[in-house]
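Asks: First the structure, which I've put down as structure tokens, then a few questions once you've had a look.
The values are calculated or read from the model by the stated rules, or taken from the named source; none is laboratory data. Just so it is clear, the model here is predicted, and its values are computed rather than measured. So basically every Cβ, Gly included, is an ideal-geometry build from the backbone, and we count neighbours across all protein chains shown.
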Amino acid sequence: MMSILLLVRNFVPAHEMIERGDWQVSEIARNAFDLEGKVVGTLGAGRIGYRVLQRLQPFNCKELLYYDYAPLPATAAESVGARRVEDLKEFVSQCDLVTINCPLHEGTRGLINADLLNHFKKGAWIVNTARGAICDRDAIAAALARGQINGYAGDVWNVQPAPRDHVWRTMKNHLGGGNGMVPHYSGTTLDAQARYANGTKTILENYFQNRPQEPQNIIVGDGRYESKAYGQR
Ligand SMILES: NC(=O)c1ccc[n+]([C@@H]2O[C@H](COP(=O)([O-])OP(=O)(O)OC[C@H]3O[C@@H](n4cnc5c(N)ncnc54)[C@H](O)[C@@H]3O)[C@@H](O)[C@H]2O)c1
């Protein structure tokens, strides 16, 4: 949901216009679109990617796609009407909007680079609330400037805090918009902090009482890599 809110709120400089005292609706509307009728795809369909697919249901998208080496259980994919695309270039070429929801690991660092961006549908939108380094910083800014993508939004940066001159702070599309960057805070609402605290408490209690941990909380157990989420090894 965070991704969608970012898209709606921050892709056009509407709020800055209000602060300036202006009211030029046509300036905003010339680059504003609905999700209805669009093809939306998630790169990564784990806990967050799947929930994004669920939350996209009321928007009447034309089609929902996902790219993940781990296929969703058939019933889960059917319940959200999502189609898996196995080839990454094929996946991005079909999407009007790509939302990135996979972890950063050696297989995803710089995955969205100049070469892959050329395979995106021209004028597509990218929402990256996963990890900044999944996208190549300069390739994103260049693709935005030349109109290969129409917008880029997210709260994650390849360096955090982002330096003052980080190009993602100020990059724009040719209409002067298309930038929805915010500082990394989507997981730090007061409600989320309470969830983190409770989750940490449960992990510690399991540990001190010799109870098994929930599988999704284990990346390395007994010296072995156990998670399936951080790349195929
Ligand atoms: N912005 C924030 O504050 C914030 C908050 C929470 C999580 N995150 C990010 O979101 C990521 C996803 O979280 P999650 O809970 O859904 O994780 P998850 O482990 O439940 O799911 C990750 C999915 O990505 C898939 N994946 C891994 N490598 C892939 C690749 N190369 N190509 C396609 N799919 C791939 C995995 O198979 C898995 O299905 C986290 O790793 C984290 O980096 C960001």
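Asks: Regarding Ile134, is this residue in the same structural domain as Asp68 (by TED's automatic domain parsing), touching a helix residue (DSSP H, G or I) at 6+ places or on another chain (Cβ under 7 Å) and within 16 Å of the ligand (Cβ to nearest atom)?
Replies: Spelling it out, it is not the case that Ile134 is in the same structural domain as Asp68 (by TED's automatic domain parsing), touching a helix residue (DSSP H, G or I) at 6+ places or on another chain (Cβ under 7 Å) and within 16 Å of the ligand (Cβ to nearest atom).
Asks: Still on this structure, I have one more. Please work out if Pro58 is modelled with pLDDT of 95 or more and outside any helix (DSSP H, G or I).
Replies: no
Asks: Next question. Looking only at helices (runs of 4 or more DSSP H) that lie completely in segment 69-174, which have at least 2 residues being modelled with pLDDT of 95 or more and under 24 Å from Lys228 (Cα atoms)?
Replies: 74-80, 88-94
Asks: Next question, about the same structure. Got a sec? Which of Gly41, Gly107 is under 17 Å from the mean Cα position of the chain (by Cα) and near the ligand (Cβ under 8 Å from one of its atoms)?
Replies: Within the list Gly41, Gly107, the selection yields Gly107.
Asks: Okay, next question. Among the residues of segment 165-187, is any within 16 Å of the ligand (Cβ to nearest atom), in the same structural domain as Leu111 (by TED's automatic domain parsing) and β-branched (Val, Ile, Thr)?
Replies: Within segment 165-187, one or more residues are within 16 Å of the ligand (Cβ to nearest atom), in the same structural domain as Leu111 (by TED's automatic domain parsing) and β-branched (Val, Ile, Thr).
Asks: Here is a further query. Considering segment 57-67 alone, what residues qualify as being farther than 24 Å from Leu104 by Cα and either surrounded by 19 or more Cβ atoms within 10 Å (Cβ to Cβ) or within 16 Å of the ligand (Cβ to nearest atom) (or both)?
Replies: Within segment 57-67, just Cys61 meets the criteria.
Asks: Can you tell me which residue is surrounded by the most Cβ atoms within 10 Å (Cβ to Cβ) among those in segment 188-229 that are at pLDDT 90 or above and hydroxyl-bearing (Ser, Thr, Tyr)?
Replies: Filtering first and then ranking leaves Thr202.
Asks: Take Gln216 and tell me if it is under 18 Å from Gly46 (Cα atoms), in a helix (DSSP H, G or I) and not assigned by TED's automatic domain parsing to the domain that holds Gly151.
Replies: Yes: the conditions hold for Gln216.
Asks: Here is a follow-up. Right, Ala77: buried (at least 20 other Cβ atoms within 10 Å of the Cβ) and either under 13 Å from the mean Cα position of the chain (by Cα) or in the same structural domain as Ala45 (by TED's automatic domain parsing) (or both) or not?
Replies: no
Asks: From the set of residues in segment 153-187 that are free of Cβ contacts under 8 Å to residues at least 24 places away in the same chain and loosely packed, with under 12 Cβ neighbours inside 10 Å, which is nearest to Val98 (Cα to Cα)?
Replies: Thr170
Asks: Continuing with the same structure: Within segment 1-21, restricting attention to residues that are exposed (fewer than 12 other Cβ atoms within 10 Å of the Cβ) and of a type in the set (D, E, K, R), which residue is modelled with the lowest pLDDT?
Replies: Filtering segment 1-21 for residues that are exposed (fewer than 12 other Cβ atoms within 10 Å of the Cβ) and of a type in the set (D, E, K, R), the one modelled with the lowest pLDDT comes out as Glu16.
Asks: Does segment 39-53 include one or more residues that are in a loop (DSSP other than H, G, I, E, B) and over 29 Å from Gly187 (Cβ atoms)?
Replies: No: zero hits.
Asks: Can you tell me which of (1) within 16 Å of the ligand (Cβ to nearest atom); (2) under 26 Å from Arg137 (Cα atoms); (3) charged (D, E, K, R) is the one Lys122 doesn't meet?
Replies: All conditions pass for Lys122, except number (1).
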